[in-house]
Amino acid sequence: MLESLQIKNFAIIEELSLDFKEGMTVLTGETGAGKSIIIDAVGLLAGGRGSTEFVRFGTKKCILEGEFKFKPSTELLALLETHEIDHVENTLLIQREIFMSGRTVCRVNGSIVTIAVLKEIGTHLIDIHGQNEHQELMMTENHSYLLDNYGQKELHQLKKEYQNVFHNYKQLKKEREEWVYNEQELAQRLDILRYQVDEIEAAQLEPHEEENLLEEEKKLANHQAIVKALSKSYDALQGEEYSGLDSVGRAMEEMASVETIDDSFKQLSESLSAAFFQLQEAASDIYSELDGLEYDEERLNEIESRLNFIQQLKRKYGDSIETILDHFERSEIELKKLENREEQVDEISKKIKTEYEKAEKLAQKLSEIRKEKAVLLENNIQQQLKELYMEKVEFSVVFKQAENAGSKDVQLNDQGMDRIEFFISTNPGEPLKPLSKVASGGELSRMMLALKTIFSQSQGITSIIFDEVDTGVSGRVAQSIADKIYSVAKHSQVLCITHLPQVAAMADQHLYIKKSTADERTQTSVERLVKNNRVEEIARMLSGDELTQLTKETAAELLKLAQKKKNIK
């Protein structure tokens, strides 16, 4: 449930803080006072689409914050774990900031998340049912989804298994289609692959070959400079005119003659001795390098030619020898597959047949369970509609199965084999017809409310919001809608914007939304109504601005009757 809501600089709301309770909460007030703005704020916390238009004029950003207590569910807990969102005592603190620049920042328990992730989480927390949402009943593709929601416990795992198999089936079909080239495309691809494989194979490339060649080229290209440096170094150490080693040797001998006099002299003697032998070894190494140096101009030309060839291959196949060799391996594998294309296609076709048969069996099981659930849903909805004074309406879930053209196979999709559509008859004696073609707006609204009543018991949604779903009704129908919304509130927290006194009277908590002007700016505030204040507000809803003693008495009586109903329920 939504436990608290903080709003700052959102539309006409400067700052607002609300605490909510379990059960049924109604929001009433004059048109334009900001009731729907509060619902918009909750919708944004559930991942709704944001806009800079929500930011209060003259401010840089709006800030929304909601604290939710959720019922543990495997899906929601798995979702939080996937996105590494910590949670304590099944509580989520959701924050959202919308900047005038268009940037949006969303956080769940302090972790920054994307709008997509926030929307995923929001589907487990809030279900917002607006004035026009009943139009989703007009869309036939939603009927299968609604039935599956009704039978969620029995269908969830089976449907997941089916969808995995069906996904494999589709992937295999796609793979086969990729194999079935037309002859010209196949011939062109084979020519390209053969050329590339032959060219790279003939090159006989070795890993790290380019690095080794570049090092050898560098030595050959700098032969004279290397010879000069080595020669001068050797002469400095062991030249005929002057020998650095002889000088160091004499210094070593002199210090050796006094090393027994003092420890410090001994250390100097040892240092000179070590330096002498290191220099002697270095002179020997320099001499070996000089002795082994050869300048081979032909080898230099070979290296340059090989490096140019490698550079050409890199331009075609990759930025390194390793990348070229990887390309060679992939091309060779593809070439072998294409040369054995018929065998590959036959193998994939066998797999497609196997996966299709598995999918068809699972789809059949899905269909059987759906048909069982459809009967229960029909009976349940008939009962709900009866309570909403639609007892003459007959409701039916119709199953259709489309066959593939020229085949007896059933056409499968990611939902199974069933094409489901809701049919109704609004008058006795009239045949059942598609709901989308015969239902009026009022009937659709009450049917959606009937569905919400049924689903609230099984879906585990923590909060359901009704935004003026009772528009355009009155009398006993209005009272039946009030009773129905209250029955939903027994299983989920309900927040309801209403203009009907019957609905307001059934609430466990009544919030009055009003707007005022301060410093030439419109502001929205909320008052929690109790006792006399609540009587006055319901009286206003009954008669308008002019309150009379009679309307107050009627309002009080309405509240009294509502309490009696709630006690019975």
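In table form, for the structure just shown:
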{"read-out": "Candidate set: the range 138-165, residues that are at pLDDT 90 or above and in contact with a strand residue (DSSP E or B) (Cβ under 8 Å, 6 or more places away or on another chain); chosen: the one farthest from Glu443 (Cα to Cα)", "value": "Tyr162"}
{"read-out": "Matching entry among Lys174, Lys266 (being basic (Lys, Arg) and either within 30 Å of Ile324 (Cβ to Cβ) or in contact (Cβ under 8 Å) with a residue 40 or more places away in the chain (or both))", "value": "Lys174"}
{"read-out": "Test: residue in the range 124-147 that is within 30 Å of Glu421 (Cα to Cα), surrounded by 12 or more Cβ atoms within 10 Å (Cβ to Cβ) and of a type in the set (Phe, Trp, Tyr)", "value": "yes"}
{"read-out": "Given (1) part of a loop (DSSP other than H, G, I, E, B); (2) modelled with pLDDT of 90 or more, number of the condition Gly58 does not satisfy", "value": "(2)"}
{"read-out": "Residue count, the range 497-520 (criterion: under 15 Å from Ala33 (Cα atoms) and either within 39 Å of the chain's Cα centre (by Cα) or of a type in the set (A, V, I, L, M) (or both))", "value": "9"}
{"read-out": "In the range 21-35, the residues that are aliphatic (A, V, I, L, M) and over 12 Å from Thr524 (Cα atoms)", "value": "Met24, Val26, Leu27"}
{"read-out": "Selection count where residues are part of a helix (DSSP H, G or I) and either among the hydrophobic types (A, V, I, L, M, F, W, C) or modelled with pLDDT of 85 or more (or both), scope the range 178-193", "value": "9"}
{"read-out": "Qualifying residue in the range 421-437 (condition: more than 27 Å from Thr28 (Cβ to Cβ), in contact with a strand residue (DSSP E or B) (Cβ under 8 Å, 6 or more places away or on another chain), surrounded by 21 or more Cβ atoms within 10 Å (Cβ to Cβ) and at pLDDT below 70)", "value": "no"}
{"read-out": "Filter result for the condition that a residue is surrounded by 12 or more Cβ atoms within 10 Å (Cβ to Cβ), in contact with a Gly (Cβ under 6 Å, 6 or more places away or on another chain) and of a type in the set (Val, Ile, Thr), over Ile310, Ile324, Ile286, Ile348", "value": "Ile324"}
{"read-out": "Matching option when the condition is free of Cβ contacts under 8 Å to residues at least 40 places away in the same chain and in a loop (DSSP other than H, G, I, E, B), among Glu259, Glu302, Glu253, Glu281", "value": "Glu259"}
{"read-out": "Qualifying residue in the range 28-39 (condition: within 24 Å of the chain's Cα centre (by Cα) and within 22 Å of Glu97 (Cα to Cα))", "value": "yes"}
{"read-out": "In the range 46-72, the residues that are touching a helix residue (DSSP H, G or I) at 6+ places or on another chain (Cβ under 9 Å) and more than 16 Å from Leu118 (Cα to Cα)", "value": "Phe54, Cys62"}
{"read-out": "Residue in the range 29-45 that is touching a residue at least 12 places away in the same chain (Cβ under 8 Å), closer than 14 Å to Lys119 by Cα and not in a helix (DSSP H, G or I) present", "value": "no"}
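Residue-wise test of (1) under 30 Å from Lys71 (Cα atoms); (2) modelled with pLDDT of 90 or more.
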{"site": "Ile485", "(1), (2)": "yes, no"}
{"site": "Gln493", "(1), (2)": "yes, no"}
{"site": "Pro501", "(1), (2)": "no, yes"}
{"site": "Asp508", "(1), (2)": "yes, yes"}
{"site": "Arg528", "(1), (2)": "yes, yes"}
{"site": "Leu550", "(1), (2)": "no, yes"}
{"site": "Ala556", "(1), (2)": "no, yes"}
{"site": "Leu559", "(1), (2)": "no, yes"}
{"site": "Lys564", "(1), (2)": "yes, no"}
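The values are calculated or read from the model by the stated rules, or taken from the named source; none is laboratory data. No experiment lies behind these values; they were computed from the predicted model shown. Heads up, the Cβs are rebuilt from the backbone with ideal geometry, glycines too, and the neighbour counts pull from every protein chain shown.
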